Amino acid sequence: MKALNAAIVRTLPFVPKSIVRRFASRYVAGETLEEAMTLVTRLNAEGCMATLDVLGEDVTRREETEQTVLDYQKAIAEIAARRLDSNVSVKLTALGLKLDPAFCRTQFARIVEAARAQGNFVRIDMEDSSVTEETLRIYFEFREKYERVGIVLQAYLHRSPDDARRVTKVGGNVRVCKGIYVEPPQIAHQDRERIRQGFMEVVDLLLDAKSYVGIATHDPVLVQRALASVRRRGLSPQAYEFQMLLGVAGTLRRRLVAEGHRLRVYVPYGESWYAYSVRRLKENPSIAGQVLKGILSGGGGPR
Ligand SMILES: Cc1cc2nc3c(=O)[nH]c(=O)nc-3n(C[C@H](O)[C@H](O)[C@H](O)COP(=O)(O)OP(=O)(O)OC[C@H]3O[C@@H](n4cnc5c(N)ncnc54)[C@H](O)[C@@H]3O)c2cc1C
């Protein structure tokens with residue numbers, strides 16, 4: 001089965017976009033802001049919060065960042081107009097971080113200003129290790145000017161416990177995730193259980209310092225450990241939230257919501273849906289078979 005799933009993933013470049021789109025509909029809200037708003041409305045009705053991600057990363061020209069800034073500004077205004085419970089998540093490489101960090105700061109400032117005008121929150125996603133330090137530097141700069149800016153720490157990085165200590169000094173709001181980019185052993189733990197330990201080390205460090213933590217995982221083992229950690233400290237559900245990707249682990253998500261935990265769904269949308277969806281499928285070939293089944297039976301699978 002594993003070999004079959006891997007083979008399906010290898011054939012992706014030859015699969016017509018219209019078919020990939022059916023699979024993508026599970027992971028992506030759609031191409032337009034309107035579709036994203038409809039989905040967030042539904043998630044809010046189910047008791048979930050959301051964070052919107054305008055798809056796109058690593059631009060090669062400054063001009064490419066302009067549309068992204070405008071899209072985020074529009075999204076933030078629309079969230080407010082519809083009184084939805086959603087913030088936004090931003091990748092700094094989509095704003096030119098690798099081209100020119102000063103220019104990236106200017107573009108990011110425009111998004112932060114839009115959020116400030118509505119009292120909303122902006123999370124900076126964490127990308128590959130070539131930009132970890134600069135991303136943190138930008139986070140600390142903006143956090144000084146506007147409290148409602150948050151960051152992400154990746155549990156697989158050896159450096160993350162130290163970064164967590166730095167962040168606690170400013171009382172930050174931190175999403176903790178395992179980390180999605182392929183990194184070498186000198187930089188990142190490779191062993192599954194060691195990554196879990198790193199995850200809990202960072203979560204515990206942040207909770208002890210009274211930082212607000214976004215526990216971003218679909219791993220049932222980690223969810224259990226995080227719940228135990230929260231219980232041991234006697235924390236109220238206002239002190240942390242769980243976070244999950246759209247289309248992943250729906251049953252676990254609904255269970256946590258039913259048990260009274262805050263839960264935020266990461267909702268990507270935009271014209272770059274194709275690249276994002278292919279990446280999701282490559283990360284997790286085991287679902288390729290399920291997707292194929294879903295497509296053959298006429299559906300893209302539940303969100
Ligand atoms: C809200 C959110 C924000 C994130 N932001 C970042 C970020 O800024 N930077 C970063 O590097 N990484 C980010 N990630 C990705 C994260 O680092 C992991 O790669 C990803 O969440 C998988 O790890 P896991 O903890 O769910 O455990 P895993 O052990 O990888 O997954 C547990 C189970 O969940 C299911 N699952 C997990 N991921 C997927 C998927 N993509 N598609 C289908 N099923 C899946 C599978 O059934 C799997 O068995 C984010 C994840 C979440 C949930």
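Tabulated data for the structure shown
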{"quantity": "Candidate set from region 255-279 (those that are hydroxyl-bearing (Ser, Thr, Tyr) and outside any helix (DSSP H, G or I)); member that is surrounded by the most Cβ atoms within 10 Å (Cβ to Cβ)", "calculated": "TYR269"}
{"quantity": "From the options ALA155, ALA109, ALA164, residue that is in contact (Cβ under 8 Å) with a residue 24 or more places away in the chain, within 11 Å of the ligand (Cβ to nearest atom) and farther than 23 Å from VAL40 by Cβ", "calculated": "ALA155"}
{"quantity": "Pairs with Cβ under 7 Å, 6+ apart, first in region 187-203 and under 8 Å from ALA155 (Cα atoms), second within 11 Å of the ligand (Cβ to nearest atom) and open to solvent by 40 Å² or more (accessible area, probe 1.4 Å)", "calculated": "ILE195/LYS178; ARG196/VAL221; PHE199/LYS178"}
{"quantity": "Conditions (1) at pLDDT below 95; (2) within 11 Å of the ligand (Cβ to nearest atom); (3) closer than 16 Å to ALA29 by Cα; number of the one not met by GLU271", "calculated": "(2)"}
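The values are calculated or read from the model by the stated rules, or taken from the named source; none is laboratory data. Remember, predicted model here, so these are calculated numbers, not experimental data. As a convention, Cβ positions derive from the backbone with ideal geometry for all residues, glycine included, and neighbour counts pool all protein chains shown. The accessibility values were calculated without ligands, DNA or RNA, using every heavy atom of the protein model including side chains. Shrake-Rupley method; radii C 1.70, N 1.55, O 1.52, S 1.80 Å.
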